[in-house]
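To keep things clear, I will list the structure first and then write my remarks on it.
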Amino acid sequence: QVQLVESGGGLVQAGGSLRLSCAASGRTFSRFAMGWFRQAPGKEREFVAAISWNTWYADSVKGRFTISRDNAKNTVYLQMNSLKPEDTAVYYCAEASTVVAGPDPTEYDYWGQGTQVTVSS
């Protein structure tokens, strides 16, 4: 049974930074693509970043956010810098069952419970 547990969310002022972590368990983590998505109140879930042999970013976070993974720790990270109030959302980590996955949430089979990120102006 694959489990994903996010941590690191919180309240931060605009311009600040946060690092989200997602600890995975249940199968060989290094084989599969990982992604971060977010959902703001009243909006649909949207792609933030993904990592496999390469990295992909939504245009809205490019240059500010960095996705990385530590296969030895079965953990994927999202470093978020220069945060803006519009980054406020619940952030979800997701794991695909393929080596490569991109911005389509249907490519991901497992999801964490989410962690709240709130950016104040």
For the chain, built as a Gaussian network whose Cα springs stay under 10 Å, the top-fluctuating residue of GLU86, GLU46, GLU107: GLU86
Hits among lysines - C-alpha to C-alpha of LYS84 under 16 Å, sequence gap 8 or more where chains match: LYS62
Counting Lys and Arg as +1 and Asp and Glu as -1 over every other residue whose Cβ sits under 12 Å from the Cβ of SER21, the net charge comes to +1
Loop-located chymotrypsin sites (Phe, Trp or Tyr not before Pro) in the range 29-121, at most 12 other Cβ atoms within 10 Å (DSSP): TRP53
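Pairs of alpha-carbon atoms within less than 8 angstrom and 6+ residues apart define the contacts here; what relative contact order does the chain have, in percent? Could you put the intermediate results ahead of the total?
Values: 309 pairs, mean separation 44.2, N = 121.
Across the chain, relative contact order equals 37 percent.
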Stretch gain in nm, segment ALA72-GLN116, where the contour uses 0.36 nm per residue and the Cα spacing is subtracted: 13.2 nm
Quick one: go through the range 101-121 and flag any residue whose amide nitrogen is under 17 Å from the point 7 Å out along the Cα-to-Cβ line of GLU44. 102-108
As an exercise, identify the trypsin sites (Lys or Arg not before Pro) in the range 1-84 lying in DSSP coil whose Cβ has no more than 16 other Cβ atoms within 10 Å. ARG27, LYS43, ARG45, LYS62, ARG64, LYS73
Over the chain, with neighbouring protein chains present, the accessible area per residue in Å² at probe 1.4 Å is 50 Å²
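The values are calculated or read from the model by the stated rules, or taken from the named source; none is laboratory data. This structure is a prediction, so every number in the text was calculated from the model and none was measured. Note that each Cβ is placed from the backbone with ideal geometry, even for glycine, and that neighbours are counted across all protein chains shown. Surface areas here come from the heavy atoms of the whole protein model, side chains and all, with no ligands, DNA or RNA. Shrake-Rupley method; radii C 1.70, N 1.55, O 1.52, S 1.80 Å.
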